[in-house]
1. Which one is surrounded by the most Cβ atoms within 10 Å (Cβ to Cβ), of the residues in the stretch 133-153 that are under 18 Å from the mean Cα position of the chain (by Cα) and among the hydrophobic types (A, V, I, L, M, F, W, C)?
2. Just to be sure before I move on: is Leu250 hydrophobic (A, V, I, L, M, F, W, C) and under 16 Å from Gly262 (Cα atoms) in the structure I sent?
3. Tell me the residue from Ala91, Ala121, Ala142 that is of a type in the set (A, V, I, L, M) and in contact with a Ser or Thr (Cβ under 6 Å, 6 or more places away or on another chain), please.
4. Could you please find all residues in the stretch 133-149 being part of a loop (DSSP other than H, G, I, E, B) and either in contact with a helix residue (DSSP H, G or I) (Cβ under 7 Å, 6 or more places away or on another chain) or among the hydroxyl-bearing types (Ser, Thr, Tyr) (or both)?
5. If I filter the stretch 200-212 for residues that are surrounded by fewer than 23 Cβ atoms within 10 Å (Cβ to Cβ), in contact (Cβ under 8 Å) with a residue 40 or more places away in the chain, on the phi > 0 side of the Ramachandran plot and within 13 Å of the ligand (Cβ to nearest atom), do I get at least one hit?
6. Would you please name the residue that is surrounded by the fewest Cβ atoms within 10 Å (Cβ to Cβ), looking only at residues in the stretch 158-170 that are under 26 Å from Tyr243 (Cα atoms) and more than 12 Å from the ligand (Cβ to nearest atom)?
7. So, of the residues in the stretch 139-149 that are of a type in the set (A, V, I, L, M) and modelled with pLDDT of 95 or more, which turns out to be farthest from the ligand (Cβ to nearest atom)?
8. Could you check the stretch 250-299 and list, in sequence order, the residues that are more than 20 Å from the chain's Cα centre (by Cα), in contact (Cβ under 8 Å) with a residue 24 or more places away in the chain and not in a helix (DSSP H, G or I)?
Amino acid sequence: MSVLIVGTIALDTVETPFGKKEAILGGSAVHASVASSFFAGTSLVGPVGADFPSEHEEFLKNRKIDLSGIQRLPGKTFRWSGYYEFDMNQAHTRNTELNVLTEFMPKLSPELRKSPFVFLANLDPEIQLKVIDQLESPKLIAADTMDFWIRGKRDALHEVIKKVDYILMNEGEARMFMETPNIPLAARRLLELGAKAVIVKQGEHGALLFTDDTHFSAPSYPQDAFRDPTGAGDSFAGGFIGYLAKTDDLSQGNIRRSIIMGSVMASFNIEDFSLDRMKRLKAHEIGDRFDEFRKFSQFEALSIEHWV
Ligand code: AMP
């Protein structure tokens, strides 16, 4: 089954304790689409300006990502600039230049409207709502957001949450949006708003899934080759939805597997700046790392003899 991903296509300037890179390929939809493309046919919808380098489009085409939904608009591509200190779980935004994003109004082709699996990557929630309105009977919609939109478009974000199956937030954003330091409580409040499931991303500490009747905790990966966390959340989402689409199985067991696959893809993305690690990634490495995740999070049931 195919995946539709709508979000930003960006030129990022990123500084981490491991270096600074200017105007590199980024954007929520780019990171998510590249991760998803390892598993399923993926269509990317988002705006670019006249300054968007053609080499980036070539890379996305080489990953067999469908770019028919890219809107080329006069003006400059969306730009984000940020930095991370030693706590690389926390991105600090220096500057957000919306540029062509202010003119972007997605109009899905008849084919894309039929997409079964949809990821609304981090984007203005009013635009996310416009995409939802165009979809014809999707199997699953997941949406992501960030503090920028929580501060600026709270009401529209409420509407998005009512209409999607999965809402993804990182833990700081979930606390901020639901106004509580308690993550399970924040997740419960998000479920009460109408989401069917909530995924709280905890950066290098893993991810949590909450539904009305289940809870799952995906482990963190002991990553020693950690250079740039930008796009980790989007790669997580892309891996998650891409694997779900490939398997077309929404059972609890497969949803958990897909969450681990999301964690696997995020763990690769943070090994280098921009999409550089994803450009070198091989399918067998994905399988090997999935097995590593399985091994280090397995443990035996309590033994009565040892207990008493
Ligand atoms: P994350 O997975 O949260 O690290 O996402 C990082 C990506 O989000 C970067 O490549 C940015 O270009 C993009 N981004 C930053 N700010 C925004 C925003 N306000 N809306 C949409 N995308 C953004």
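The values are calculated or read from the model by the stated rules, or taken from the named source; none is laboratory data. The structure displayed is predicted, hence computed values, not measured ones. When we count neighbours, we look across all protein chains shown, and the Cβ atoms used for this are built from the backbone with ideal geometry, even at glycine.
1. The residue in question is Ala143.
2. Judged against the criteria, Leu250 is a match.
3. Ala121
4. Leu135, Glu136, Ser137, Thr145, Met146
5. So far as the stretch 200-212 goes, yes, one or more of its residues are surrounded by fewer than 23 Cβ atoms within 10 Å (Cβ to Cβ), in contact (Cβ under 8 Å) with a residue 40 or more places away in the chain, on the phi > 0 side of the Ramachandran plot and within 13 Å of the ligand (Cβ to nearest atom).
6. That would be Lys162.
7. Checked the stretch 139-149; the qualifying residue farthest from the ligand (Cβ to nearest atom) is Leu140.
8. Answer for the stretch 250-299, where residues must be more than 20 Å from the chain's Cα centre (by Cα), in contact (Cβ under 8 Å) with a residue 24 or more places away in the chain and not in a helix (DSSP H, G or I): just Ser297.
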